[in-house]
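As structure tokens, the structure follows; a few thoughts come after it.
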Amino acid sequence: METEFGTFELIRDYKEAFDVKSFSDRYVKYFDQYPYIVGDISADMLRLKGFNSNNENQIYDYLMESATPNAPYFVLKRIK
């Protein structure tokens with residue numbers, strides 16, 4: 001999928017959490033360095049977090065520990 005911040009593959013879209021407009025509104029240049037971006041919706045707000053390739057296996061740990069239980073979330077992988 002093409003966004004104004006690059007091309008991404010939507011790896012997981014739990015409860016249809018991904019919305020291009022919300023993603024674009026919350027995205028900052030800081031995330032350009034990460035090949036994986038996770039977004040979760042907690043308290044009606046989208047939160048983004050970046051992950052490197054060497055710690056992508058920590059994505060689901062992050063969701064279990066930091067996201068609201070059963071919260072909608074998505075995982076994007078940057079395509080170069």
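Throughout, read-outs are computed from the coordinates displayed, never taken from laboratory work. Everything numeric in this text was worked out from a predicted model, so none of it was measured.
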Problem set entry | Sum of -39500 (n - 2.57) over DSSP H runs of 4+, divided by residues of the chain (222 nm, nearest 500) | -5000 deg cm²/dmol
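Specify whether the C-alpha gyration tensor of the stretch 35-80 places it in the rounded, prolate or oblate class, a ≥ b ≥ c being the square roots of the eigenvalues: rounded for a/c under 1.5, otherwise prolate if a/b is larger than b/c and oblate if not.
Values: a/c = 2.78, a/b = 1.57, b/c = 1.77.
It comes out oblate by the Cα gyration axes.
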Seminar exercise, completed: So, for the Cα atoms of the chain, Rg and Dmax in Å stand at 11.6, 32
